[in-house]
Amino acid sequence: MANPTAQPPLAYDSHLERLEVELLLEAIYRHYGFDFRAYAFPSIRRRIWKRIHAEELTTVTALQERVLHDKDAMERLLLDLSINVTAMFRDPGFYRAFRNDVIPLLRTYPFIRVWHAGCSTGEEVFSMAILLEEEGLLGRARLYATDINEVVLQQARTGIFPLDRMQEYTENYIRAGGTRSFSEYYTARYDGALFSPALLANVVFSQHNLATDRSFAEFNVIICRNVLIYFDRSLQARVHALFYESLATFGVLGLGSKESLRLSPFEACYEPLGTSRLYRKIR
Ligand SMILES: C[S@@+](CC[C@H](N)C(=O)[O-])C[C@H]1O[C@@H](n2cnc3c(N)ncnc32)[C@H](O)[C@@H]1O
């Protein structure tokens, strides 16, 4: 029977544990390309131990051996590791490219519909609202933000994010080409940063499952970042079909830094816009 806790045995050497976790994460990155190396240690440690117990193993190194030699075990660990992790202006180069390459196209539209699929706790949506606001386009945009997980959507609707991440987000914002002072957008409340409710005026949060649900509108932009990497080929193909159906002609699809349209059945229907995982639907 698997140990139900997500903790190491009491006698486990904590220095050794740290070393083993770092080696495990490095091995996963080098072998599979999933980068969990900079994730907060306490949370990743908990998830790793949950998986060690579920696999009926006793050490982090044993888990490393298993995931390197057994793709199915890697899939299972991935499910434990990947849930809901997000950040404001994540991969700042993406937002910089969006400003440079997509905003000029959007300026030509009287009304702009954006879909954030797999938006998690909303950091990505707030980032986009800030960007559109700075470009003078938020007033004519509507952002639909969806996720399979209602709990994260509830969190997103509050507009409150951890205060201790504001420094990281400020740096991301600047690298993303932000034109103001990032602190203008929030007020500090206890250990939370409350973002301006005006940013949410044109945002609709709603539950939607990419694996089973249908399209619900026609969009000028679809952003789905760091979601498809956790799906297998056939589910990725389903989701690409859904996005293709849901995008207006010349609409833009934005993917995560480890995702692309390569080898998808829809590759020929898009052209890349620059090199930042932005694609324009051309047919
Ligand atoms: C790693 S987060 C990515 C968040 C954000 N897009 C980003 O890049 O920072 C992945 C999100 O996808 C959501 N997700 C997973 N499976 C999904 C599905 N079948 N339909 C919709 N969302 C899903 C998860 O709940 C999670 O919030």
Worksheet, complete the sentence: Of all chymotrypsin sites (Phe, Trp or Tyr not before Pro) in the stretch 193-254, the ones in DSSP coil with at most 13 other Cβ atoms within 10 Å are F216
Item to complete: With all distinct Cα pairs included, what does the Kirkwood hydrodynamic radius of the stretch 78-197 come out to in Å, to one decimal, could you say?
Response: 14.9
Practice prompt. Indicate the gyration tensor shape class of the stretch 148-189 (rounded, prolate or oblate), computed on the Cα atoms with a ≥ b ≥ c the square roots of the eigenvalues: a/c under 1.5 is rounded; otherwise a/b larger than b/c is prolate and the rest oblate.
Written response: prolate
Response to the item:
Computed over the Cα atoms of the chain, the Rg and Dmax in Å are 20.0, 64
Worksheet item: When the convex hull of the Cα atoms of the stretch 111-176 is projected onto a plane and the area is averaged over all directions, what value comes out in nm²?
Response: 4.8
Worksheet entry | Paramagnetic label zone (point 7 Å from Cα along Cα-to-C-beta, L235; backbone N under 20 Å) in the stretch 208-223 | 208-216, 223
Response to the item:
Checking the stretch 101-193 for GluC sites (Glu not before Pro) in a loop per DSSP with at most 14 other beta-carbon atoms within 10 Å yields none
Response to the item:
Lys and Arg at +1, Asp and Glu at -1: neighbours of G122 with Cβ under 10 Å from its Cβ sum to -2
Discussion item. Place a point 7 Å from the Cα of A6 along the Cα-to-Cβ direction; which residues of the stretch 100-128 have their backbone N under 18 Å from it?
Written reply: 120-121
Item to complete: Kindly rank 100-113, 59-72, 5-18 from highest to lowest mean number of other beta carbons found within 10 Å of each residue.
Response: 59-72, 100-113, 5-18
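What whole-number volume per residue, in cubic angstrom, does the convex hull of the C-alpha atoms of the stretch 149-283 give? All intermediate terms of the calculation are to be shown ahead of the outcome.
Values: hull volume 18.8 nm³, N = 135.
Looking at the stretch 149-283, the number lands at 139 Å³ per residue.
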Item to complete: Classify the stretch 214-283 as rounded, prolate or oblate from the Cα gyration tensor: take a ≥ b ≥ c as the square roots of its eigenvalues, call it rounded if a/c is under 1.5, otherwise prolate when a/b beats b/c and oblate if not.
Response: rounded
Worksheet item: If you stretched the chain out fully between T158 and F111, how much longer would it get, using 0.36 nm times the residue separation minus the C-alpha to C-alpha distance?
Response: 14.3 nm
Worksheet item: Among E55, E271, which comes first, then next, by fewest other beta-carbon atoms within 10 Å?
Response: E271, E55
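Each value in this text was obtained by applying a stated rule to the coordinates, not by laboratory testing. Because the structure is predicted, anything quoted here is derived from the model rather than measured. Neighbour counts are summed over all protein chains in view; Cβ atoms, including those assigned to glycine, are modelled from backbone coordinates with ideal geometry.
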